[in-house]
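The values are calculated or read from the model by the stated rules, or taken from the named source; none is laboratory data. None of the values given here were measured: they were computed from a predicted structure. In this analysis, Cβ positions are derived from the backbone assuming ideal geometry, glycine residues included, and neighbour counts consider all displayed protein chains. For accessibility, only protein heavy atoms count, side chains too; no ligands or nucleic acids. Shrake-Rupley method; radii C 1.70, N 1.55, O 1.52, S 1.80 Å.
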Amino acid sequence: MTGAAAEPQAVRPRDDIALMAGYHSPQLDVAVRLNTNESPLPPPAAFTEAVSAAASTVAWNRYPDRQAVELRSKIAARHGVAPEQVFAANGSNEVLQCLLLAYGGPGRAAAVFEPTYALHAHLARVTGTVVAEGERGDDFTLDPQAAAALIADARPAVTFLCSPNNPSGTVEPPSAVASLLDAAAATGGVLCVDEAYAEFSPHSALDLIDDLMPLAVTRTYSKTWAMAGARLGYLIGPAWLVAELEKVALPYHLDALKQAVGVAALAFVDDMEARVSAIVAERNRLTDRLGGLPVDVWSSGANFVLIRPRHRDGAEVWRQLVDRSILVRDCSSWPRLEGCLRVTVGTRSENDSFLAALEEILA
Ligand SMILES: *Cc1c(COP(=O)(O)O)cnc(C)c1O
């Protein structure tokens, strides 16, 4: 016996971690789920069959291909880049974490433009990176001059630009991306454009990828590919940056089946594009219909729409939607988003259920 304390004692984590709230995305059991920007439709049956076939050929006793050569080559071919310019991981969230592990850390900063995807700042803090916060305008667009000034001042190792921006749906024009890239390059930092929703929007920063430029673009299988359950995402960037990310990723982080699943999905581009077109058409219909209701609506280039009920408490409207078995994301208590709700575009009938419920609540 060592005379150990009789009472169990929680061990103290790092002070900054102890103070953190963690990342939360509440789930409820409802009929219509429009809260996490998933695809309302699954991938085609032929994909599921391809996955079953791939599962039966996996050498389960062996470690997977650590370099994920086939997956990276297929992704590279899709985007017209070299396999060495592709880094894949367990969701684009793990990609972002690896980027911060390699380029962030104590004594370094990451810039974000709020309101934006909470995970950028959260992962920065988890990795001990200082967060330099810029602000978007009232319409949630970026002021490129103010953004460049923040970069020149804070000299962040990583600047995050989410476009289309979650949760506002705002798409930055190519000129804004180019000016942020110039600002990042001038201060020796990396610009990371988070393009989780790029396929729903009119343009992408991928055209600017070049081994001579400190630009990385992140993509995910979670939204357009209807594969949030697979946890797969990737980054396109200079080969020298990808090589650093490989050093911080855990060995064999991408399991063999996931690599095969990622390859299999890419054979169904037409299905993906048809799904995306249908969702974009539904988004535009939803936006039009919302325009006739007493809510503020922001123009979106993604698969969701941000709204703010006028003269009504956003959290109360959210609760009344839940009462009608419809779940949207309650952003009403988030900084700069007072009273706002984020609504994922669902199927036509899900969107109609949402619209009917909202009309009733606001009547
Ligand atoms: C949904 C989302 C992601 C996707 O994360 P995964 O880990 O790939 O599921 C990344 N960035 C933004 C801005 C998102 O909204």
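Sort out for me the Cα centre separation of segment 59-84 from segment 175-232, rounded to whole Å. Here the two parts' Cα centres lie 20 Å apart.
Charge dipole of segment 61-267 (Cα centre as origin; +1 on each Lys and Arg Cβ, -1 on each Asp and Glu Cβ, all else neutral): 820 debye, rounded to the nearest 20.
Highest GNM mean-square fluctuation among LEU123, LEU235, LEU19, for the chain modelled with Cα contacts below 10 Å: LEU19.
Remark: the VAL30-ARG78 segment gains 13.6 nm on full extension, using 0.36 nm per residue and subtracting the alpha carbon distance. Available extension along the chain between ARG319 and ARG12 is 106.9 nm, counting 0.36 nm per residue and deducting the alpha carbon span. In this structure the amide hydrogen of ALA132, modeled in the peptide plane, comes within under 5 Å of the amide hydrogens of ALA110, ALA111, VAL112, none closer than 5 places in sequence on its chain. Accessible area per residue was computed with a 1.4 Å probe on protein heavy atoms; SER179 scores about 40 Å². Net charge in the neighbourhood of MET213 (other residues with Cβ under 15 Å of its Cβ; Lys, Arg +1, Asp, Glu -1) is -4. Listed by chain and number, the lysines whose alpha-carbon sits under 20 Å from that of LYS223, ignoring those within fewer than 8 places in the same chain, are LYS74, LYS258. For the chain, modelled as a GNM whose springs connect Cα atoms under 10 angstrom apart, the maximal fluctuation among VAL248, VAL131, VAL177 occurs at VAL248.
For segment 263-347, run through the GluC sites (Glu not before Pro) and keep only the ones in DSSP coil with at most 16 other Cβ atoms within 10 Å of their Cβ. Here the GluC sites (Glu not before Pro) that fit, given the DSSP loop and packing criteria, are GLU338.
Out of PRO167, PRO335, PRO115, any idea which swings most in a Gaussian network model of the chain, alpha carbons joined below 10 Å? Fluctuation is largest for PRO335. To put it simply, the accessible area of the chain at a 1.4 Å probe is 55 percent carbon and sulfur. Note on ARG310 and SER277: the model spin-label points, each 7 Å out from Cα along the C-beta direction, lie 3.6 nm apart.
The residues of the chain expose, per residue, 45 Å² of accessible area to a 1.4 Å probe.
The charge dipole of the chain, taken about the Cα centre with unit charges on the Cβ atoms of Lys, Arg (+1) and Asp, Glu (-1), comes to about 580 debye, rounded to the nearest 20. For segment 329-363 versus segment 234-250, the inter-centroid distance based on Cα atoms is 38 Å. Inter-label distance, SER349 to GLN145: 5.3 nm, where each label sits 7 Å from its Cα along the C-beta direction.
Give the separation of the Cα centroids, segment 7-35 to segment 259-293, in Å. Measuring centre to centre over Cα atoms gives 31 Å. With R₀ fixed at 45 Å, the C-beta to C-beta distance from SER299 to ASN61 puts the FRET efficiency at about 0.30. Toward the positive end of the charge dipole of the chain, about the Cα centre and with charges on Cβ (Lys, Arg +1; Asp, Glu -1), which of PRO174, TYR63, ALA239 goes farthest? Result: TYR63.
Express the relative contact order of segment 61-267 as a whole percentage, based on alpha carbon pairs under 8 Å and six or more residues apart in sequence. Result for segment 61-267 is 27 percent.
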